[in-house]
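Have a look at the structure below, then the notes.
The values are calculated or read from the model by the stated rules, or taken from the named source; none is laboratory data. These figures come from a predicted structure and were not determined experimentally. Note: ideal-geometry Cβ built from the backbone for every residue, glycine included; neighbour counts use all protein chains shown.
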Amino acid sequence: MHVIITGANRGIGQALDRSYRAAGHRVTGTSRAGGEFLKLDVTKPEDHAQMAQSLDSTAVDLLICNAGVYLDKSERLADGYAAQMWAETMATNVTGVFQTIQNLLPNLQLSD
């Protein structure tokens, strides 16, 4: 099984990456910085295009959209929330997921 995990460089994504690898699955992990992982900042369309191109016609059996941000963790409702913070959160946690799925749809359709 080929698994893609966004945000595989730390936390939950890292644990999932290790677990699927230990079970013998082929894993493609992504991170904003790249490094040992495929470079993918989910807010950047050019990164999505490069990822899709690098995977070419490789089937993807499982896509785990784990990359995300929690920018409001130290905010208080009484103090208000900056519009820019919400824009960045939505760009990562909503639009980024949609773009990841959209760009990998041909690969997902190749799996059995």
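Quick check on my filter: what residues within segment 30-48 are modelled with pLDDT under 95 and of a type in the set (G, A, S)?
Hits for segment 30-48 are A33, G34, G35.
Can you tell me which residues in segment 1-49 are crowded, with 20+ Cβ neighbours inside 10 Å and assigned to a strand (DSSP E or B)?
Correct list: V3, I4, I5, V27, T28, G29, T30, S31.
For segment 69-90, enumerate the residues that are farther than 19 Å from S31 by Cβ and in a loop (DSSP other than H, G, I, E, B).
D72, K73, S74, E75, R76, G80, Y81, A82
Determine if segment 1-21 includes at least one residue that is on the phi < 0 side of the Ramachandran plot, among the basic types (K, R) and either touching a Lys or Arg at 6+ places or on another chain (Cβ under 9 Å) or in contact (Cβ under 8 Å) with a residue 24 or more places away in the chain (or both).
no
Select, from N107, N103, N66, N93, the only residue that is surrounded by 15 or more Cβ atoms within 10 Å (Cβ to Cβ), not small (G, A, S) and not in a helix (DSSP H, G or I).
Values: N107 fails: not in a helix (DSSP H, G or I); N103 fails: not in a helix (DSSP H, G or I); N93 fails: not in a helix (DSSP H, G or I).
The conditions single out N66.
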